[in-house]
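Just below is one structure, and these are the notes that go with it.
The values are calculated or read from the model by the stated rules, or taken from the named source; none is laboratory data. Keep in mind the model is a prediction, meaning the values are calculated, not measured. Using ideal geometry, Cβ is built from the backbone for each residue, glycine included, and neighbour counts are taken over all protein chains shown. Quick note on the areas: whole protein, heavy atoms, side chains included, nothing else; ligands and nucleic acids left out. Shrake-Rupley method; radii C 1.70, N 1.55, O 1.52, S 1.80 Å.
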Amino acid sequence: MKHLILASGSPRRKELMSQVGLVFEVISSDADENISVSQPEDYVMGLSSLKAQSVLDTISENDDSVVVVGADTIVYHKGNILTKPDDKEDAFRILRELSGDVHQVYTGVSICSTNKKISFYEKTDVWVYDMTEDEIWDYISTGEPMDKAGAYGIQGRFAAYIKGIEGDYNNVVGLPVARLVHELKAF
């Protein structure tokens, strides 16, 4: 296997890649994450590509021995792209919006080397039980929603409010790792 780099500081992505036996190094991307794309699949693939390319550009080796994986996850609800909350009030607004409804989680993944680049995305539908205002504030008080797209972590305390999902669970956590493994094989 070539030298694999994960262009993300996400502990969840790191854990998922380790779980399936991938050997990699982490180099967090410092790419500007402001893009003006309205379609969720284009948004996540665009950001994942920017992240992967920005890390690849910092690598001194100019051959195909380095492969960089970038990823980006968003929540999409009723035409709105929901990223990480700005503060507790924003987290409340987001969770109130998701309460009692279905939304989609999109994760874009880009794999690149000096000679090749591919991008793909996965979409998972997630249904959330109705939540009271007190339940939302109690969840926010844990601090868990503050660094997560859509202001929740399905693998944490928010699991108590997940009514169901259709699609890849790991995609909701932050990386469709099974698809990543198969794409890496083809890459």
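Placing +1 on each Lys and Arg Cβ and -1 on each Asp and Glu Cβ, with no other charges, gives segment 1-44 a dipole about its Cα centre of roughly 300 debye. For the chain, modelled as a GNM whose springs connect Cα atoms under 10 angstrom apart, the maximal fluctuation among P11, P40, P176 occurs at P11.
Gyration tensor analysis over the Cα atoms of the chain returns equivalent ellipsoid semi-axes of 31, 16, 15 Å (largest first, whole Å). Using the Cβ-Cβ distance between V102 and A178 with R0 set to 35 Å, the FRET efficiency works out to roughly 0.95. Both radii were evaluated on the Cα set of segment 121-187; the Rg over Rh quotient, with Rh as the Kirkwood radius, amounts to 1.07.
Based on Cα contacts under 8 Å between residues 6+ apart, segment 86-128 shows a relative contact order of 41 percent.
T132 sits with roughly 70 Å² accessible to a 1.4 Å probe, with DNA, RNA and ligands left out of the calculation.
With the helix formula -39500 (n - 2.57) applied to DSSP H stretches of n ≥ 4, the chain reaches a computed 222 nm mean residue ellipticity of -9500 deg cm²/dmol. Between the listed residues F158, T142, V177, the Cα displaced farthest toward the positive end of the dipole of segment 115-183, a dipole computed from Cβ unit charges relative to the Cα centre, is found at V177.
With all protein chains in place and a 1.4 Å probe, the accessible surface of the chain carries 45 percent carbon and sulfur.
As a length-normalised measure over Cα pairs under 8 Å and 6 or more apart, the relative contact order of the chain settles at 22 percent. Note on segment 81-161: Kirkwood radius taken over Cα pairs, Stokes-Einstein applied at 37 °C and 0.692 mPa s, translational D equal to 239 µm² s⁻¹.
If R0 is 35 Å, the Cβ-Cβ spacing of T142 and E33 corresponds to a FRET efficiency of close to 0.90. In this simple spin-label model, placing a label point 7 Å from the Cα along the Cα-to-Cβ direction at both F187 and L4 gives a separation of 0.9 nm.
Scaled against the 2.2 N^0.38 Å expected of a compact globular protein of N residues, the Cα radius of gyration of segment 1-98 reads 1.24. Over 31 Å apart at the Cα level, from the set K123/K185; K14/K163; K78/K185; K117/K148; K51/K78; K2/K78, are K78/K185; K2/K78. Which residues in segment 129-157 place their backbone N less than 14 Å from a point set 7 Å from the Cα of K88 along the Cα-to-Cβ direction? In segment 129-157, the label zone of K88 (backbone N under 14 Å from the point 7 Å along Cα→Cβ) covers 134-146. Principal axis extents of the C-alpha atoms in segment 1-45 (largest first, rounded to whole Å): 35, 21, 19. Computed with a 1.4 Å probe on the full set of protein chains, the accessible area for L184 sits at about 20 Å². Of the trypsin sites (Lys or Arg not before Pro) found in segment 108-182, those that fall in a DSSP loop while having at most 13 other beta-carbon atoms within 10 Å are K116. If you add up the charges near Y139, with Lys and Arg at +1 and Asp and Glu at -1, over every other residue whose beta carbon is less than 12 angstrom from its beta carbon, what do you get? It works out to a net charge of -1.
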